[in-house]
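Chemist: Let me begin by handing over the structure; questions about it come next.
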């Protein structure tokens, strides 16, 4: 068959139009969503080596799940991998019945042996949230034994410092609680497919989790990039290198600076926040002068204008006028505490005393806290206290904190919801440790009463007594109530908070 | 003003206008720093009601994120930067001149060893060493102005040593040195009484030029959060604190940046001018 010029033009024109049409269609379908979400995060996820040391955020709420969770709004421990439980021996023994048919991301069933293996990792290391022992009763029943009969035992099982249930195949030798972590395998919505230490981790949806929940994954890959410096993380978001910034929600030192949230929002980024039971405070070195004097501690509390401190962050945080924790924390609103801003009263107290130079130490890795410390320094100066501000490297800060070589320091109490109870234990209960913030016979006794009490109603009353005792002794000077924050590009959708953690199982990125 | 300086110092101010501008700028900054308590407010006083306020008749340079008067912080920052820069320059000059003079005067193996040490220092970028050293000092001893001084002096003496060595190599062949030796003068006497004083001209030029560089180094360290720590006002640290507000409150970065640029510009022009004077003298001699 001879091809005429007219045919040639006709066929090539048709072919070109078809190609163009297909490419348009291709673009339209392909560009509706991107299949990868890149998260900027301060810490390496620590997915090799000691399994007890995996990072406290993404591996624990994306890859692993726990037996129970804690719901702050109702002050209840609620089921997760455990279906139900019985408290025995007055609270020293808790027997959990596990849900059936839960699969690890490698397809193996999650059972009592996996639970025992996981918690034995903590037991052999004498970890602070470890039970005394774990017993397998049958494939789906497991018992935890504790030394003390207190409600804190529940808190330990879901605390971020502990572990979620992992497959015994996660370590080598397989099933050895002393083994080395080689491949973290959990039951959560994502599984780890690649890990490069201190650089990045690639996660993919765990199809068994999605089948179980009836949800559809909207992204194919979740990449967690390690960017330790806070300013560099913000620049990575601005430049498009990452889609989302999340806090190291454990608290402490690595989060998106609150003083940059407004600027990010103004530039079109979305900021999601959730209130958490976490408060930045001034810690007194109450073992030595001048803050072994309750009057001096009160003077500091009178001198601090918490509204001004919250202003540094353009309203992203709340001033801590109402006690140690925000009002949504069990018993806090009922405690009816109100710190007073009264610089004149503070001056009266300070005037009669010769206190000399007072050292305020702050960790310089957080720009937020450096600003707060400068403002606190000035507010205290206004009432006649001569404050020397020392902005220190993280290591030097810890060294000074541990040796007690300071008068005041900026620190935090509380944390995410799941850490709420353990932080009360870690900050206010004996034994004496550098990270304790205040202990006295009265306050400590009341804090112990809180963490012992199983009955929710009675516990609420004990919380109130504890808060009031701490307030009356001016044990700490609360500054502001923190939030957990996510900063994301405008095209990221579907991140939601569960408890205090951002979850990504329904997240997608518009192209 | 220049006439007074000419009479007072007994030196000729070159007709070069750029040098005059340099001297004016340097004097202006020195005067601002010296009289800071008279012309500026308390640089530490916060006022959250004035947070991020733009420049006005009350706050010439605006206010920072804690409502502090930025003009006062920049002026007090001049004090900090100049005092630290001059201290570093003085220490570096002292150490560098001594090492360079010993190296050049005694020669032989001493010169070889010192020469190689100088080569090693010159082969490494100064700022990298400064950052590493300040980081180490901060980690061990905590933040202090002395960390910055020590770290910068550690690398800065080298240029003085190199220049001094070169001058001494030519000076030691001069007749007055032979005469001193002939009458039995000790080496230390010759070094301190004859050689170093005669080498001072070019060294002072170098020091003047160097102050500008040191101000930049201090500001760089401050910008990286390694230098002088808040609340002490220092230009680099002020720049750093303003970078998060560059879109909303650009004055926090603009004015410290302007003063850094001005001071470096002033010291460099002045140094160039002094070099011209020396050059003329040398040709005349």
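Chemist: Of everything in region B:218-233, what is away from chain A (no Cβ under 14 Å) and surrounded by 24 or more Cβ atoms within 10 Å (Cβ to Cβ)? Give them in sequence order.
Modeler: Initial filter on region B:218-233 (away from chain A (no Cβ under 14 Å)): B:218-220.
Scanning region B:218-233 gives B:218, B:219.
Chemist: Scanning for something assigned to a helix (DSSP H, G or I), farther than 23 Å from residue B:222 by Cα and either away from chain A (no Cβ under 14 Å) or at pLDDT below 90 (or both), does region B:138-154 turn up at least one residue? Walk me through it before giving the result.
Modeler: Taking region B:138-154 and keeping what is assigned to a helix (DSSP H, G or I), we get B:138-141, B:145-154.
Then drop every residue that is not farther than 23 Å from residue B:222 by Cα, which leaves none.
No: zero hits.
Chemist: Please count how many residues of region A:392-429 are within 23 Å of residue A:440 (Cα to Cα), touching a residue at least 60 places away in the same chain (Cβ under 8 Å) and in a loop (DSSP other than H, G, I, E, B).
Modeler: 4
Chemist: Please give the number of the condition residue A:450 fails out of (1) surrounded by 23 or more Cβ atoms within 10 Å (Cβ to Cβ); (2) away from chain B (no Cβ under 14 Å); (3) part of a strand (DSSP E or B).
Modeler: For residue A:450, the failing item is (3).
Chemist: For the subset of region B:56-105 comprising residues that are in contact (Cβ under 8 Å) with a residue 24 or more places away in the chain and in contact with a strand residue (DSSP E or B) (Cβ under 9 Å, 6 or more places away or on another chain), which member is farthest from the other protein chains (Cβ to nearest Cβ)?
Modeler: Per the stated criteria, the residue is B:61.
Chemist: Looking at A:291, A:313, A:269 in this structure, which one is closer than 30 Å to residue A:43 by Cα and modelled with pLDDT of 95 or more?
Modeler: Working: A:291 fails: closer than 30 Å to residue A:43 by Cα; A:313 fails: modelled with pLDDT of 95 or more.
A:269 is the lone residue from the list that is closer than 30 Å to residue A:43 by Cα and modelled with pLDDT of 95 or more.
Chemist: Next up: Can you find even one residue in region A:206-219 that is in contact with a strand residue (DSSP E or B) (Cβ under 6 Å, 6 or more places away or on another chain) and closer than 22 Å to residue A:394 by Cα? Quick ask: steps written out before the conclusion?
Modeler: Step one: filter region A:206-219 for residues in contact with a strand residue (DSSP E or B) (Cβ under 6 Å, 6 or more places away or on another chain), giving A:206, A:208, A:217-219.
Keeping just the survivors that are closer than 22 Å to residue A:394 by Cα gives none.
No: zero hits.
Chemist: Then there is this: Output the number of the condition that residue A:189 fails; it satisfies all remaining conditions of (1) closer than 19 Å to residue A:104 by Cα; (2) surrounded by fewer than 22 Cβ atoms within 10 Å (Cβ to Cβ); (3) in contact with a strand residue (DSSP E or B) (Cβ under 9 Å, 6 or more places away or on another chain).
Modeler: (2)
Chemist: Those residues that are within 14 Å of chain A (Cβ to nearest Cβ) and either part of a helix (DSSP H, G or I) or more than 24 Å from the chain's Cα centre (by Cα) (or both), I need them from region B:20-48; list them, please. Give the steps one after another, and end with the answer.
Modeler: The initial filter retains those residues of region B:20-48 that are within 14 Å of chain A (Cβ to nearest Cβ), namely B:41-48.
Passing the criteria: B:41, B:42, B:44, B:45, B:46, B:47, B:48.
Chemist: Let me ask something additional. For region A:381-403, check the following and say yes or no: at least one residue is farther than 30 Å from residue A:72 by Cα, away from chain B (no Cβ under 14 Å), surrounded by 20 or more Cβ atoms within 10 Å (Cβ to Cβ) and touching a strand residue (DSSP E or B) at 6+ places or on another chain (Cβ under 7 Å).
Modeler: Looking for residues that are farther than 30 Å from residue A:72 by Cα, away from chain B (no Cβ under 14 Å), surrounded by 20 or more Cβ atoms within 10 Å (Cβ to Cβ) and touching a strand residue (DSSP E or B) at 6+ places or on another chain (Cβ under 7 Å), one finds none in region A:381-403, hence no.
Chemist: Then there is this: Provide a single number: the residues in region A:223-263 that are out of contact with any helix residue (DSSP H, G or I) (no Cβ under 7 Å at 6 or more places or on another chain), over 19 Å from residue A:394 (Cβ atoms) and outside any loop (DSSP other than H, G, I, E, B).
Modeler: Matching residues across region A:223-263 total 11.
Chemist: When the residues of region A:259-275 are filtered to those that are away from chain B (no Cβ under 11 Å) and touching a residue at least 60 places away in the same chain (Cβ under 8 Å), which remaining residue is surrounded by the fewest Cβ atoms within 10 Å (Cβ to Cβ)? Outline the logic, then answer.
Modeler: Taking region A:259-275 and keeping what is away from chain B (no Cβ under 11 Å), we get A:265, A:268-275.
Of the ones still in play, those that are also touching a residue at least 60 places away in the same chain (Cβ under 8 Å) are A:268-275.
Details: A:268: 8, A:269: 20, A:270: 16, A:271: 18, A:272: 17, A:273: 17, A:274: 18, A:275: 18.
The qualifying residue surrounded by the fewest Cβ atoms within 10 Å (Cβ to Cβ) is A:268.
Chemist: Output the residue which, of all residues in region B:240-260 that are part of a helix (DSSP H, G or I) and within 12 Å of another protein chain (Cβ to nearest Cβ), is surrounded by the fewest Cβ atoms within 10 Å (Cβ to Cβ). Can you show your working first?
Modeler: Within region B:240-260, the first condition is being part of a helix (DSSP H, G or I), and the residues that meet it are B:240-245, B:251-260.
Okay, now just the ones that are also within 12 Å of another protein chain (Cβ to nearest Cβ), so B:240-245.
Values: B:240: 22, B:241: 26, B:242: 23, B:243: 12, B:244: 21, B:245: 19.
Selected residue: B:243.
Chemist: I've got another one for you. Does residue A:329 count as crowded, with 20+ Cβ neighbours inside 10 Å, away from chain B (no Cβ under 14 Å) and on the phi < 0 side of the Ramachandran plot? Show your work before the answer.
Modeler: On the way: crowded, with 20+ Cβ neighbours inside 10 Å: yes; away from chain B (no Cβ under 14 Å): yes; on the phi < 0 side of the Ramachandran plot: yes.
Spelling it out, residue A:329 is indeed crowded, with 20+ Cβ neighbours inside 10 Å, away from chain B (no Cβ under 14 Å) and on the phi < 0 side of the Ramachandran plot.
The values are calculated or read from the model by the stated rules, or taken from the named source; none is laboratory data. Given the structure is predicted, the values throughout are model-derived calculations rather than measurements. Here Cβ is always computed from backbone atoms with ideal geometry, including for glycine, and neighbour counts include all displayed protein chains.
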